[in-house]
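S.K.: Encoded as structure tokens, here's the structure I'll be asking about.
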Amino acid sequence: MSHAIQPKPGVLEIRPYVGGESKIPGARDVVKLSSNENPFGPSEAAKEAIRKSVHQLHRYPSTDHTALRNAIGEVHGLDPARVICGNGSDEIITFLCQAYGGPGTEVIHTEHGFSMYRISALAAGSAPIEVQEHERKVDVDAILEAVNFRTRLVFVTNPGNPTGTMIGNNEVARLAADLPEHVLLVLDGAYAEYVDDFDGGAKLVDKRENVFMTRTFSKLYGLGGLRIGWGYGPAHVIDALNRVRGPFNLSELQMAAAEAALRDGDYVEKCRAENARMRTWLAKALAELGVPSDTSCANFILARFHDPDEADACEAHLRSEGLLVRRVAGYKLPNCLRITVGDEASCRRVVHAIAGFRDQQG
Ligand SMILES: *Cc1c(COP(=O)(O)O)cnc(C)c1O
């Protein structure tokens with residue numbers, strides 16, 4: 001049925017985002033390894049901060065997020081005046097597309113890139129342009145070839161999701177330097193904290209006028225349910241984004257929890273170390289079962305199977321054992337499964353189940 005009332009072009013091209021599954025009907029002891037969540041949850045300090053802030057729920061929150069921006073500035077060594085906070089980094093991506101996209105413009109994302117780039121680009125009226133990766137790695141030259149006078153934004157996830165691979169600082173700097181002046185490079189650092197001695201691109205942001213970085217509290221900080229992300233960029237970009245941002249886009253609960261989580265360095269370090277330890281263990285155990293993966297720089301492993309049928313059969317087997325992992329055919333990786341690095345017991349269950357799957361195959 002066609003309606004006289006129509007959304008603007010692009011909106012009906014959006015395929016709604018599908019989140020990782022969390023339940024298996026009738027099953028107990030289900031482990032969710034489908035959304036790259038921190039298996040240990042948030043810091044106790046973050047939960048305590050929420051308990052305290054419930055007494056102020058009748059008050060409108062701060063519109064400028066000063067306390068949280070200052071904390072981010074302190075902990076990460078950044079200029080707090082050039083930080084913007086959002087309802088998840090998803091909202092920062094939305095602001096970028098709203099402020100810089102629109103009819104007649106193009107937004108570049110890579111082959112296996114995060115689906116929110118495409119969704120936000122279409123919602124803003126831009127044309128999303130997909131650029132090939134090279135063996136599951138971002139290809140800087142392919143991006144540069146795809147850029148034209150209509151391009152406004154280039155989204156690069158580093159480390160990538162669902163690939164887990166990274167491109168080096170030199171490659172990122174080369175991309176920033178070789179982009180035409182009217183294009184903003186956005187570095188999505190959702191997994192930056194999992195990489196040793198990596199700033200997510202912050203120093204490059206400081207050096208240039210055309211680089212922006214997004215970060216999140218949803219992964220390492222274990223606060224995916226609370227929706228807090230932030231961006232760091234040149235002053236002119238922060239100014240534009242603040243104009244499209246709603247004044248009360250974050251609640252005091254969100255800001256208080258995020259600040260407490262950020263300042264609980266010991267807990268953050270513990271989670272990071274445990275992820276690294278189990279990630280190495282899981283990748284090696286799966287490789288020994290004939291399931292290879294690229295070296296992951298994040299909190300998940302992209303397990304590769306011979307073909308899509310085998311990946312699907314393994315996913316079904318894991319599900320029958322109460323283990324939910326992510327199928328990534330929608331990310332053009334039909335022969336892979338993305339498995340979040342859980343706690344030690346969950347990782348052992350995954351390996352045990354995949355060994356059982358191999359036995360079944362004969
Ligand atoms: C998880 C993730 C995010 C974070 O999204 P939030 O809205 O902050 O929860 C952003 N980008 C990528 C690539 C992710 O995987």
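S.K.: Given the conditions (1) over 23 Å from Asn161 (Cβ atoms); (2) crowded, with 21+ Cβ neighbours inside 10 Å, which single one is not true for Ser320?
M.R.: (2)
S.K.: Here's another thing I want to ask about it. Among Pro80, Pro159, Pro128, which is the only one that is free of Cβ contacts under 8 Å to residues at least 24 places away in the same chain and closer than 30 Å to Ser251 by Cα?
M.R.: Numbers: Pro159 fails: free of Cβ contacts under 8 Å to residues at least 24 places away in the same chain; Pro128 fails: closer than 30 Å to Ser251 by Cα.
Only one candidate passes the filter, namely Pro80.
S.K.: Quickly run through segment 70-87 and pick out the residues that are farther than 16 Å from Phe212 by Cα and buried (at least 18 other Cβ atoms within 10 Å of the Cβ).
M.R.: The answer is Ala71, Asn87.
S.K.: Something else: So Thr66 clears everything in (1) within 16 Å of the ligand (Cβ to nearest atom); (2) at pLDDT 95 or above; (3) among the β-branched types (Val, Ile, Thr) except one condition, right? Which one?
M.R.: (1)
S.K.: While we're here: Please enumerate the residues belonging to segment 69-101 that are among the polar types (S, T, N, Q) and either under 21 Å from the mean Cα position of the chain (by Cα) or within 15 Å of the ligand (Cβ to nearest atom) (or both).
M.R.: The initial filter retains those residues of segment 69-101 that are among the polar types (S, T, N, Q), namely 70, 87, 89, 94, 98.
The answer is Asn87, Ser89, Thr94, Gln98.
S.K.: Would you be able to tell me the number of residues in segment 20-64 that are among the β-branched types (Val, Ile, Thr) and either more than 30 Å from Ala316 (Cα to Cα) or open to solvent by 90 Å² or more (accessible area, probe 1.4 Å) (or both)? Walk me through it before giving the result.
M.R.: So the first thing to find is which residues in segment 20-64 are among the β-branched types (Val, Ile, Thr), and the list is 24, 30-31, 50, 54, 63.
Now restrict to residues that are either more than 30 Å from Ala316 (Cα to Cα) or open to solvent by 90 Å² or more (accessible area, probe 1.4 Å) (or both): 50, 54, 63.
Adding up the residues that qualify gives 3.
S.K.: Is it the case, given these coordinates, that Leu153 is assigned to a strand (DSSP E or B) and either under 18 Å from Arg15 (Cα atoms) or among the aliphatic types (A, V, I, L, M) (or both)?
M.R.: Numbers: assigned to a strand (DSSP E or B): yes; either under 18 Å from Arg15 (Cα atoms) or among the aliphatic types (A, V, I, L, M) (or both): yes.
Spelling it out, Leu153 is indeed assigned to a strand (DSSP E or B) and either under 18 Å from Arg15 (Cα atoms) or among the aliphatic types (A, V, I, L, M) (or both).
S.K.: Among the residues of segment 198-207, is any at pLDDT 95 or above, out of contact with any helix residue (DSSP H, G or I) (no Cβ under 6 Å at 6 or more places or on another chain) and among the acidic types (Asp, Glu)?
M.R.: yes
S.K.: Restricting attention to segment 111-131, and to residues there that are within 12 Å of the ligand (Cβ to nearest atom) and among the hydroxyl-bearing types (Ser, Thr, Tyr), which single residue is farthest from the chain's Cα centre (by Cα)?
M.R.: The selected residue is Ser120.
S.K.: Right, something else. In the list Gly225, Gly229, which residue meets the criterion of being touching a strand residue (DSSP E or B) at 6+ places or on another chain (Cβ under 6 Å) and within 12 Å of the ligand (Cβ to nearest atom)? Steps first, answer last, please.
M.R.: Working: Gly225 fails: touching a strand residue (DSSP E or B) at 6+ places or on another chain (Cβ under 6 Å).
Checking each option against the conditions leaves just Gly229.
S.K.: Also: Residue check, Val244 against (1) in contact (Cβ under 8 Å) with a residue 12 or more places away in the chain; (2) more than 22 Å from Cys97 (Cβ to Cβ); (3) more than 16 Å from the ligand (Cβ to nearest atom), all met but one. Which one?
M.R.: Checking Val244 against (1) in contact (Cβ under 8 Å) with a residue 12 or more places away in the chain; (2) more than 22 Å from Cys97 (Cβ to Cβ); (3) more than 16 Å from the ligand (Cβ to nearest atom), the one that fails is (2).
S.K.: Right, something else. From the list Val154, Val195, Val186, exactly one residue is open to solvent by 10 Å² or more (accessible area, probe 1.4 Å) and β-branched (Val, Ile, Thr). Which is it?
M.R.: Details: Val154 fails: open to solvent by 10 Å² or more (accessible area, probe 1.4 Å); Val186 fails: open to solvent by 10 Å² or more (accessible area, probe 1.4 Å).
None of the other options fit; the residue is Val195.
S.K.: Also: What number goes with the only condition from (1) away from the ligand (no atom under 15 Å from the Cβ); (2) without any contact (Cβ under 8 Å) to a residue 40 or more places away in the chain; (3) open to solvent by 40 Å² or more (accessible area, probe 1.4 Å) that Ala142 does not pass?
M.R.: Every condition holds for Ala142 apart from (3).
S.K.: Given the residues Asn161, Asn148, which is the only one that is buried (at least 19 other Cβ atoms within 10 Å of the Cβ) and in a loop (DSSP other than H, G, I, E, B)? Even if it seems obvious, please write down each step before you answer.
M.R.: Working: Asn148 fails: buried (at least 19 other Cβ atoms within 10 Å of the Cβ).
Going through Asn161, Asn148 in turn, just one is buried (at least 19 other Cβ atoms within 10 Å of the Cβ) and in a loop (DSSP other than H, G, I, E, B): Asn161.
S.K.: Being at negative phi, buried (at least 16 other Cβ atoms within 10 Å of the Cβ) and not assigned by TED's automatic domain parsing to the domain that holds Ala192 is the requirement here; does Asp312 meet it? Lay out the reasoning, then the answer.
M.R.: Values: at negative phi: yes; buried (at least 16 other Cβ atoms within 10 Å of the Cβ): yes; not assigned by TED's automatic domain parsing to the domain that holds Ala192: yes.
Here the answer is yes, as Asp312 does meet what is asked.
The values are calculated or read from the model by the stated rules, or taken from the named source; none is laboratory data. Please read all numbers here as calculations on a predicted model, not as lab measurements. Because the Cβ atoms are built from the backbone with ideal geometry, glycine has one as well, and the counts that use them run over all protein chains shown. Just so you know, the surface numbers come from the protein's heavy atoms only, side chains and all, with ligands and any DNA or RNA stripped out. Shrake-Rupley method; radii C 1.70, N 1.55, O 1.52, S 1.80 Å.
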